[in-house]
Amino acid sequence: VLLTGGIVAVAGQFKGWYFAAYSIAAGVLVCLLEYPRSKRKKGSTMERCGQKYLTVVVKLFGPLTRNYYIRAVLHAALAVPAGFLLSTILGTVCLGIASGIYLLVS
């Protein structure tokens, strides 16, 4: 949602487009961070397309990407600048909710 709002604002040449450009970069980062979930050794879950490659990258960052408390802080920090533009407000709300959920889980 954040990525889409950023694309709309940049394409529409909104005032404050630099917040939209930030939102595009933050949206891509969140997508790359949240997509990889490798197949479990037990169970019958199927691995998504391209997951095995992204899982390796996420594991390289160690506790920075695996700790839920750190993810909560990261999502909250990514949400703040995106809140200054109307087209990215919904993405900001989504990141805020995700941050709250990660904080609750941690």
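The values are calculated or read from the model by the stated rules, or taken from the named source; none is laboratory data. None of the values given here were measured: they were computed from a predicted structure. When we count neighbours, we look across all protein chains shown, and the Cβ atoms used for this are built from the backbone with ideal geometry, even at glycine. When the accessible area is computed, the model is the full protein with side chains, heavy atoms only, and any ligands, DNA or RNA have been set aside. Shrake-Rupley method; radii C 1.70, N 1.55, O 1.52, S 1.80 Å.
Peptides 79-88, 92-101 ranked from most to least packed by the mean count of surrounding Cβ atoms within 10 Å: 79-88, 92-101. Pairwise inverse Cα distances across the chain, averaged and inverted, put the Kirkwood hydrodynamic radius at 14.7 Å.
Normalised per residue, the accessible area of the chain is 68 Å², obtained with a 1.4 Å probe and no contribution from ligands, DNA or RNA.
Which order do Leu3, Leu60 take by accessible area at a 1.4 Å probe, largest first? Numbers along the way, then the final one.
On the way: Leu3 50, Leu60 140 Å².
In descending accessible area the options line up as Leu60, Leu3.
Under a model in which nothing but the beta-carbon of Lys, Arg (+1) and Asp, Glu (-1) is charged, the chain shows a dipole of about 600 debye around its Cα centre.
Quickly rank 14-26, 62-74 as a protection proxy: mean count of other C-beta atoms within 10 Å, highest first.
Details: 14-26: 17.6, 62-74: 14.5.
Going from most to least packed, we get 14-26, 62-74.
Please give the length that would be gained between Gln13 and Tyr69 if that part of the chain were fully extended, namely 0.36 nm times their separation in residues minus their C-alpha to C-alpha distance (nm, one decimal). Working shown, then result.
Details: separation 56, 0.36 × 56 = 20.16 nm, distance 3.59 nm.
So the extension gain works out to 16.6 nm.
Take every pair of alpha-carbon atoms less than 8 Å apart whose residues are at least six positions apart; their mean separation over the length of segment 41-106 yields a relative contact order of 31 percent. Take the Cα of Ile89, step 7 Å toward its Cβ, do the same at Thr55, and the gap between the two points is 4.0 nm. Ranking Ala26, Thr65, Phe14 by how far each Cα lies toward the positive end of the dipole of segment 1-66 (charges on Cβ) leaves Thr65 at the top.
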